[in-house]
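Q: Sharing a structure, written as structure tokens. Questions coming.
The values are calculated or read from the model by the stated rules, or taken from the named source; none is laboratory data. Being a predicted model, the structure only gives us computed values, none of them experimental. All Cβ positions, glycine included, derive from the backbone under ideal geometry; neighbour counts span all protein chains shown.
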Amino acid sequence: MGGVITALSLKVIEQGGLVAGVRYSTDYVKAEYYLAKTQEEVLTFASSKYVQSEKKNIYTEIKYELEQGKKVLFIGCPCDVYAVQRYLGKKYDAFLSCELVCMGVSSYKVASEYKTYAEKKNGSQLIRINARSKRKGWFVPHLEEEYKDGTIKCNTLFGTFLGYGMQVYNRPSCFECKFRGAQGVGDIRVGDFWGIKKTDAYWNSAGVSCIFVRTELGENAMNMFNESELFLYKTDYKTATLSNMSSYSNKSDKYVRLRKKFAEVFKKRGLVAACIATGTASFWAKHIVPDQFHVAIKRVYHFFKDKR
Ligand SMILES: Cc1cc2nc3c(=O)[nH]c(=O)nc-3n(C[C@H](O)[C@H](O)[C@H](O)COP(=O)(O)OP(=O)(O)OC[C@H]3O[C@@H](n4cnc5c(N)ncnc54)[C@H](O)[C@@H]3O)c2cc1C
């Protein structure tokens, strides 16, 4: 959310390296890996896509470039990072990996059905989405949709049928993810700083990331920046992971049951029916309460929930 991954990617390109990241397919339904060689290409990776990415030829391309002596930065969910490490089979000093704190990825079937629903509802073709729009601030994630007739819509992500669907209908393996917790797999792990307070010295209205540096390669990567390029603050692990359940635990059994019910209804009656049949209090609150109150509600919630 703080854009540190984009900053790191631009830096690697500036130094002659390559960056493997995920961009949307042209229909904004699927997401795919691509090996960027330019800063323009890196910018297409910005923002989270909550679907499982297509790997295409990325592993072979990375290995080829490393063998040619190129530096490569790989960004992905922890399972993506683990997979590429296994494929490479050995450590390369020129290979830097960055894992995301990850709540889990969804099937692109949710995005596909949502697109059909949204286009019918709005009477125009959906030409662009951004599931982490900062148009209304960053502290509450927003889904921004752009239609062919010029309409722009921006609503709290997890109060939309797309956001809720992607949150509940994760891949079954994501409910048993073995990469959560302090251990990690990448040289660096990056997440959003959900436990931040507006009174904290490191509050920034443009977004704040948490960076967990795990290896010497990761440390060296962060040292590429000077003080005017990144505002870095040290904090402890507990503070950095406050209110960020994906950092330390899998979703509860309640979500496993929700997913099961969601899947049954989704297959028979579609996305909207599945959201209505399983909607949690949190989804309905975000869906019904006007958007302008969501930041205040989230702040009150965090005030009582976060214990430093
Ligand atoms: C599926 C998913 C779930 C997430 N869940 C959480 C969470 O629960 N808590 C949390 O703190 N953070 C979560 N994140 C990470 C968070 O949303 C930000 O990506 C992260 O904090 C980096 O922020 P940034 O501003 O530096 O990212 P940016 O500079 O915007 O860069 C985002 C990077 O993410 C990569 N990316 C985007 N989508 C995918 C994808 N589907 N698969 C692999 N790589 C992808 C892009 O290649 C890009 O390099 C999640 C991200 C994803 C993709």
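Q: Restricting the first residue to the range 281-308 and requiring it to be over 16 Å from D200 (Cα atoms), which pairs with a second residue that is part of a loop (DSSP other than H, G, I, E, B) and among the aromatic types (F, W, Y) meet a Cβ separation below 6 Å and a spacing of at least six or different chains?
A: V295/F139
Q: Among G76, G89, G123, G69, which is the only one that is touching an Asp or Glu at 6+ places or on another chain (Cβ under 8 Å) and in the same structural domain as M224 (by TED's automatic domain parsing)? Break it down stepwise before answering.
A: Details: G89 fails: touching an Asp or Glu at 6+ places or on another chain (Cβ under 8 Å); G123 fails: in the same structural domain as M224 (by TED's automatic domain parsing); G69 fails: touching an Asp or Glu at 6+ places or on another chain (Cβ under 8 Å).
Checking each option against the conditions leaves just G76.
Q: Restricting attention to the range 117-154, report how many residues are surrounded by fewer than 21 Cβ atoms within 10 Å (Cβ to Cβ) and out of contact with any strand residue (DSSP E or B) (no Cβ under 9 Å at 6 or more places or on another chain).
A: Count: 6.
Q: Then there's this: Test W138 against the criterion of being aromatic (F, W, Y) and outside the structural domain of G279 (by TED's automatic domain parsing), and give yes or no.
A: Numbers: aromatic (F, W, Y): yes; outside the structural domain of G279 (by TED's automatic domain parsing): no.
No, not satisfied.
Q: So for the range 226-233 (the condition being among the hydrophobic types (A, V, I, L, M, F, W, C) and within 21 Å of C77 (Cβ to Cβ)), does at least one residue qualify?
A: Going through the range 226-233, the residues among the hydrophobic types (A, V, I, L, M, F, W, C) turn out to be 230-232.
Of the ones still in play, those that are also within 21 Å of C77 (Cβ to Cβ) are none.
No, every residue in the range 226-233 fails to be among the hydrophobic types (A, V, I, L, M, F, W, C) and within 21 Å of C77 (Cβ to Cβ).
Q: Further question: If you scan the range 46-60, which residues turn out to be within 28 Å of R128 (Cβ to Cβ), without any contact (Cβ under 8 Å) to a residue 40 or more places away in the chain and of a type outside the set (S, T, N, Q)? Spell out how you get there, then give the answer.
A: Of the residues in the range 46-60, the ones within 28 Å of R128 (Cβ to Cβ) are 46-58.
Retained after the next criterion (residues that are without any contact (Cβ under 8 Å) to a residue 40 or more places away in the chain): 54-58.
E54, K55, K56, I58, listed by residue number.
Q: Name every residue in the range 226-284 that is β-branched (V, I, T) and either exposed (fewer than 11 other Cβ atoms within 10 Å of the Cβ) or in the same structural domain as G186 (by TED's automatic domain parsing) (or both), in order of residue number. Break it down into steps so the answer makes sense when it comes.
A: Our first condition is that a residue be β-branched (V, I, T); within the range 226-284, this holds for 235, 239, 241, 256, 265, 272, 276, 278, 280.
T235, T239, T241, listed by residue number.
Q: Here is a further query. Restricting the search to the range 1-21, which residues are at pLDDT 95 or above and touching a Phe, Trp or Tyr at 6+ places or on another chain (Cβ under 6 Å)?
A: A20, G21
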